[in-house]
1. Measure off 7 Å from each Cα along the Cα-to-Cβ vector at Glu518 and Ala132, then give the distance between these two points in nanometres to one decimal.
2. If you project the alpha carbons of the chain onto the principal axes, what extent comes out on each, in Å, largest first?
3. Under a cut-off of 21 Å between alpha-carbon atoms, report the lysines in cross-link reach of Lys125, not counting same-chain residues fewer than 8 places apart.
4. Taking the square root of 5 times each eigenvalue of the Cα gyration tensor, what semi-axes in Å does the equivalent ellipsoid of the range 226-283 have, largest first?
5. How far apart, in nm, are the 7 Å Cα→Cβ label points at Glu478 and Glu42?
6. Go ahead and run the numbers for FRET between Arg210 and Ser50, Cβ-Cβ distance against an R0 of 41 Å, rounding to 0.05.
7. Give the relative contact order (percent, whole number) for the chain; include only Cα pairs under 8 Å separated by 6+ residues.
8. May I ask for the percentage of alpha-carbon pairs in the range 1-100 that lie more than 15 Å from each other?
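The values are calculated or read from the model by the stated rules, or taken from the named source; none is laboratory data. Owing to the predicted nature of the structure, the values given are computational and were not obtained by experimental measurement. As a convention, Cβ positions derive from the backbone with ideal geometry for all residues, glycine included, and neighbour counts pool all protein chains shown. Ligands, DNA and RNA are excluded from the accessible area calculation, which covers all protein heavy atoms including side chains. Shrake-Rupley method; radii C 1.70, N 1.55, O 1.52, S 1.80 Å.
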Amino acid sequence: MPLERIADRVARAWGTVSHLKAVKDTKEFREAVEAVQPERVELSLRLGQSKALYEAFEGLRNGPAWDSLSEAQRRIVEGELRDFKLGGVGLEGAEKERFNEIQKELSQLSTKFSNHVLDATKAFKKTLTDRADVEGLPASALALAAQNARAAGHEGATPEDGPWTITLDFPSMYPVMTHAKSRELREEVYLANIRRASSGDLDNEPVIERILALRREKARLVGFASHAELSMASKMATLPKALELLEDLRAASYDAARADLDEVRAFARAQGEEAELRHWDVTYWAERLREDRYAISDEETRPYFALPAVLEGMFGLARRLFGVEVEAADGEAPVWNDDVRFFKISQGGAPKAYFYLDPYSRPAEKRGGAWMDEVCGQSRLFARDGEDLRLPVAHMVCNQTPPIGDKPSLMTFREVETLFHEFGHALQHMLTTQEEGLVAGIRGVEWDAVELPSQFMENWCYDRPTLFAFARHHETGEALPEEMFAKLVAAKNYRAGSMSLRQLHFACTDLELHHNFEPGQGESVFDRERRVAERTTVMAPHPEDRFLCSFSHIFAGGYSAGYYSYKWAEVLSADAFSAFEDAGLDDEEAVVATGRRFRDTVLALGGGRDPLSVFVDFRGREPSTEALLRHSGLLPASA
Ligand SMILES: [Zn+2]
């Protein structure tokens, strides 16, 4: 309880600060945040490395009260002890010193790695002056290229007449790979990209080797054979289970990916491309094929996705599945912008939770993307007099198209999916039944299990009755045309085998390097990746491929020995949705019963019960890859 009090005081104050920084940024505000940031970092280091806290938790674990603690309380104690151990708090003397040295060097190395990537990205610029060289690029890409050219000193550059400058930043490079008719341009940009940060002063190969060696040494100091095993110690997956899941998906994706490639080859040939397709041709021709078969523009579908109707449909789904009412409560809480809405959720006639929705893009003061965050979590400790609990409050923030003129916000289908996704996170935060604040809602949920409710909700956007309940033309009330629905579904699964295999290649390489690979044994990281690629690519990597040198996710971000979690979460969420399919999506009684079970397990138990048990509580068995493969069209028709 004393720890929850400290944590909550900080979280409430800092949560407000970081929220406002994200949605209402100003120069003054940013300076104020920077001024107190060091104190905040110091506090979190003190909490995370506190010997006193570690010993207090050990006392609880080994003391007489242990047997009387609830499951949730035990999870809190065990989780804290685990994190302290992984953070080296349990080490003494020379080992502790070495651990801290490694930590420090690793943090410098990851900064070095990303600086190299950044500098290498900046170092490449390709300026074109001939209109023929940029043929095929869409208007938005030409506008960006002209802007890049002006920034590079070509003052009068215009989207129509150039000059145009291409860089290796994704928004500049990707349209080239997808749309540029010039093969030479695509080849040059492709090669520059896969060689990024792999030579000269910016060479990341030695950085990678040092990172891998230090991670292994650090893992051994705290009792694990490899960094992958250390990483898995605080996750839902175990190493064998993650490997098994990746292999299942790989086996099911491989032939489909090969068929995708054959299909693209045949299409390119039919369109008059005589040359053998190389690495820089595949994305380009796959996009031509997609346009030919499934193209549907956002502009065609927007009129059918007006925000008020979408919200009504989404709240109707929550009522149907989880038995909760969502109603507008605008004016009951202060807001930071006139467009922000406030809602109340009730269950059985009593208030259960509240949330803010900040839906529209405001580039001048709001950062991009979409997210859910806590305002405060459910907790018995902070209940007001006469009440049992403090109720949870959430922020839902999106960046969708704002209303124009007197029309409501007309959303793209992707924006609809995003709204459902964030609502899934918010529901886990709000419908929790945990009363221990440290594991209520999304708190204490393992990192690789957190995307289950959010991706689960996205599945409903492809459920006919759910979608058709709100997809109506905002002026005429006419339902979304069947043909558009069919295209939305087809577009989702276009090249599913190839997309899946690509993610699997990254995930398998990540685990291979962090579990089996030892630097300095005569094989380079690139050789080892190439060995993985024999099973995870249908077109062998280009001989000069040094992609690992810019794989920031695992060498500079938080995804080391964790890239598998993208696929892990997809499997969980698809499998959870398939419980509804098994029960019968048109059997209303079965849907309601399954919905209540999802509410009372996945949404209710938060971090208070281990995630695999929660999943089994809901599904009656451990996760299976079958549903994800079936939804993506990767199971043979007979299965
Ligand atoms: Zn998410």
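1. 5.8 nm
2. Principal-axis extents of the Cα atoms in the chain, largest first: 76, 71, 60 Å.
3. Lys181
4. Values for the range 226-283, descending: 39, 13, 7 Å.
5. With each label point 7 Å from Cα toward Cβ, the separation is 6.6 nm.
6. FRET efficiency, Arg210 to Ser50: 0.85.
7. 17 percent
8. Of the Cα pairs, 71 percent sit more than 15 Å apart.
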